[in-house]
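The values are calculated or read from the model by the stated rules, or taken from the named source; none is laboratory data. Please read these numbers as outputs of a predicted model, since none were measured by experiment. Please note: Cβ atoms are built from the backbone with ideal geometry, for glycine as well, and neighbour counts cover all protein chains shown.
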Amino acid sequence: MNIQRAAKFVEKTGTQAQRMRLRFTLEGVRPDEEQKAVLVAEQNPDGGWPPSPTGSVSSLDTTCYRLAIAEASGIDLEHEAMLRAATFLNRRQEPDGSWEEDSGLSGSFPPWIRPGSIGTTLYLTANCGLWLELLRPRHPGAAKAGRYIGSHLSENGTLPTFLHGHWLAASLCYQVGRAAEAQAICNFLKTKLDTRLWASNLSWLLNCLRLGNISPTHALVQLAIERLVACQEKNGRWRSEDGAKFDVDTTLDVLTAVIWTLEER
């Protein structure tokens with residue numbers, strides 16, 4: 001894996017915000033107040049973010065995505081925008097511990113967050129529960145989300161949701177003390193890395209495990225890193241399954257994960 005070549009790709013083709021994230025990833029330089037404001041721009045008064053800059057209804061999925069970008073760019077979890085987002089997530093949790101998108105977003109839903117499916121509910125519950133625990137450690141809502149996930153987990157570590165819902169669920173379970181369930185999910189995920197996952201998925205998996213405080217020496221982490229080493233392009237980038245315009249984001253996600261594993265050795 002050539003980190004220097006990947007960094008040059010981001011420097012050459014990335015935006016100012018992406019180059020700022022690169023600097024934090026490689027050098028630990030956090031954004032200044034003006035840069036932080038850009039990273040958390042468009043946050044709604046309720047603490048969530050809409051799917052588009054012109055939207056007025058906050059999306060759980062978009063909010064989790066914006067939190068992930070902010071954290072990976074160097075905004076600390078105690079920042080006021082991050083804590084407002086935690087309040088939003090807390091208020092939107094259902095009594096059974098789950099989350100579901102606001103029906104007011106109808107027409108804006110990609111398939112994996114469309115209301116009415118247990119698969120989408122489990123994905124959102126794992127994602128929102130993880131961020132609630134990260135932003136407000138030992139929050140009872142996160143523990144309730146972990147119980148909700150556990151109630152749908154099979155003995156072989158599978159959930160009736162998308163593959164990415166599994167690595168989010170594993171990270172949430174580790175964070176809230178459900179280690180046996182988290183390990184079962186990780187064992188299942190190891191069997192899925194035998195197929196060729198896109199680098200964008202592998203890096204998402206790794207960064208979820210990083211946030212879940214899973215050891216970088218874990219077998220699933222090491223296997224995912226091996227897969228990423230094999231699929232780096234000659235110009236240093238890693239490809240996104242969403243198209244070339246997202247290759248810089250994917251390359252940054254890979255670098256965040258790789259630096260984490262190197263620093264922890």
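Looking for whichever is modelled with pLDDT under 95 and within 29 Å of T261 (Cβ to Cβ) here; the options are M82, M1. Which one fits?
M1
Remark: pairs (first residue in the stretch 26-39, within 20 Å of T251 (Cβ to Cβ); second residue assigned to a helix (DSSP H, G or I) and charged (D, E, K, R); Cβ separation under 9 Å; 6+ apart in sequence or on different chains) = V29/R23; P31/R21; P31/R23; L39/R21; L39/R66. Looking at the structure I just gave you, is L193 in contact with a Pro (Cβ under 8 Å, 6 or more places away or on another chain), on the phi < 0 side of the Ramachandran plot and surrounded by fewer than 24 Cβ atoms within 10 Å (Cβ to Cβ)? Considered against the rule, which asks whether it is in contact with a Pro (Cβ under 8 Å, 6 or more places away or on another chain), on the phi < 0 side of the Ramachandran plot and surrounded by fewer than 24 Cβ atoms within 10 Å (Cβ to Cβ), L193 comes out as no.
Among residues of the stretch 207-246 being touching a residue at least 60 places away in the same chain (Cβ under 8 Å) and closer than 18 Å to R66 by Cα, the one that is surrounded by the fewest Cβ atoms within 10 Å (Cβ to Cβ) is N207. Has the stretch 149-160 got at least one residue that is surrounded by fewer than 16 Cβ atoms within 10 Å (Cβ to Cβ) and out of contact with any helix residue (DSSP H, G or I) (no Cβ under 9 Å at 6 or more places or on another chain)? So far as the stretch 149-160 goes, yes, one or more of its residues are surrounded by fewer than 16 Cβ atoms within 10 Å (Cβ to Cβ) and out of contact with any helix residue (DSSP H, G or I) (no Cβ under 9 Å at 6 or more places or on another chain). Of all residues in the stretch 4-27, those that are of a type in the set (G, A, S) and modelled with pLDDT under 95 total 1. I'd like the residue in the stretch 201-253 that is touching a Lys or Arg at 6+ places or on another chain (Cβ under 9 Å) and β-branched (V, I, T) and, out of all such residues, is farthest from A7 (Cα to Cα). By that ranking, first place goes to T217. So is S58 crowded, with 21+ Cβ neighbours inside 10 Å and within 25 Å of T250 (Cβ to Cβ) or not? No: the conditions fail for S58. Within the stretch 92-137, can you find the residues that are farther than 18 Å from G212 by Cβ, in a helix (DSSP H, G or I) and in contact with a Lys or Arg (Cβ under 9 Å, 6 or more places away or on another chain)? Within the stretch 92-137, T120 is the sole residue that qualifies. With respect to A257, determine if the residue is under 26 Å from L135 (Cβ atoms) and surrounded by fewer than 21 Cβ atoms within 10 Å (Cβ to Cβ). So A257 fails the test. Each residue in the stretch 118-148 was checked for being buried (at least 24 other Cβ atoms within 10 Å of the Cβ) and either β-branched (V, I, T) or within 22 Å of S103 (Cβ to Cβ) (or both), and 11 of them qualify.
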